[in-house]
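For reference, the structure is listed below as structure tokens.
A short reminder: the numbers here are calculations on the coordinates, not readings from a lab. What you see is a predicted model; the values in this text were computed from it and never measured. Cβ placement follows ideal geometry from the backbone for every residue including glycine, while neighbour counts extend to all protein chains displayed.
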Amino acid sequence: MKIEVNNAVFSLPYHVALEEGYFNDEGVDVELIPAGSGRNRDKEIPLEPILDHKKVQSYGWHEGIEKGEYSMYRACEWGQIRRTQDSHEGARVISKRAAVATQAIVVRGDSPYNIPSDLKDVTVGVNMHAGSHYVTLALLEGYLPRNEVQPGHVGGPKQRLKFLEDGKIGAAALMEPWITVAVKRGHKIICEAFYEGAEVGVPSLDPKGYASVDRAIHSAVDKINEDIEPYLKHMIKEVPSDVIDISEEDFYLGRFRYVYPRPYTPEEYERIYEWMVDRDLLSPDSRFEAIVNDRLSA
């Protein structure tokens, strides 16, 4: 089974399951496919932030599932709903993911901004249709009118941090290990929030194979929660040495939360559906039955 892995903080249980032999224990042969394999994010960034989300394709680095390159992948739940709506291959949300991630909105260390309401009309660098985009909306709309919240598409977290340091944006939404990188480089966290994600699978996904993977991920979650430090190496290696050197001691371990994957319920979906439709991020036709395949994780 080919499974995509994106940023390590989101896919850590898959790396651990492979490293510790849990997939083999379950009798399933898994190959982990890097997100956007063969592409260079540094060459795929706009000259200036893109402010209109309609000008940014929802799939981003996860388009491989539409090309048959893998059968499963995970990302933030809002983005997975949107990408499922846009799928031409019948991909569906199949469960909540194991990673409960956090995004922090960060400003430069010399910035005059100190609290969320200071970010009125300030461009916040995000990756549109990904967790950074949606968390920025959800966080700042608690402090500001909707029309004063200004996310701008830049690309990945490394690129968002560079735009921030180059003065092209006033703030950036970052996940780990880039929160740790930003703090070590002297920048300020304005606000931060945890959020869930979802697994997406193709229609041909084998139920027995999925069940084997799910059991392996349960074992990996237990291993991570026993002691995450031996596995922080997967996040550390995502940070180029020319940006900064970080070590296990630099991380705040309270940011890392991993739980067992679980079914996506209609009640949870309805809340997110209404939020996204209200912001013109999702079609009103994208009801639970069109987006979620809850049979695999039942």
* Structure fact -> Exposure proxy check on 84, 265: fewest-to-most Cβ neighbours within 10 Å is 265, 84
* Structure fact -> Highest GNM mean-square fluctuation among 135, 126, 243, for the chain with Cα springs under 10 Å, belongs to 243
* To do: Pairs to check: 120/168; 96/208; 67/223; 55/158. Give those whose C-alpha atoms are more than 26 Å from each other in this structure.
  => 67/223
* Centre separation in Å (Cα based) which lies between the range 121-191 and the range 37-108 -> 16
* **For the range 2-291, share of DSSP beta bridges that run antiparallel, in % to the nearest 5** => 65
* Given only helices, namely DSSP H runs of n ≥ 4 each adding -39500 (n - 2.57), what is the per-residue ellipticity at 222 nm of the chain, to the nearest 500 deg cm²/dmol? -> -9000 deg cm²/dmol
* Considering every pair of different Cα atoms, what Kirkwood radius, in Å, is found for the chain? -> 19.5
* To do: Could you rank the peptides 55-62, 151-158, 192-199, 275-282 by their average count of other C-beta atoms within 10 Å per residue, with the highest value first?
  => 151-158, 192-199, 55-62, 275-282
* To do: Can you tell me the relative contact order of the chain? Whole percent, Cα pairs under 8 Å, sequence separation 6 or more.
  => 27
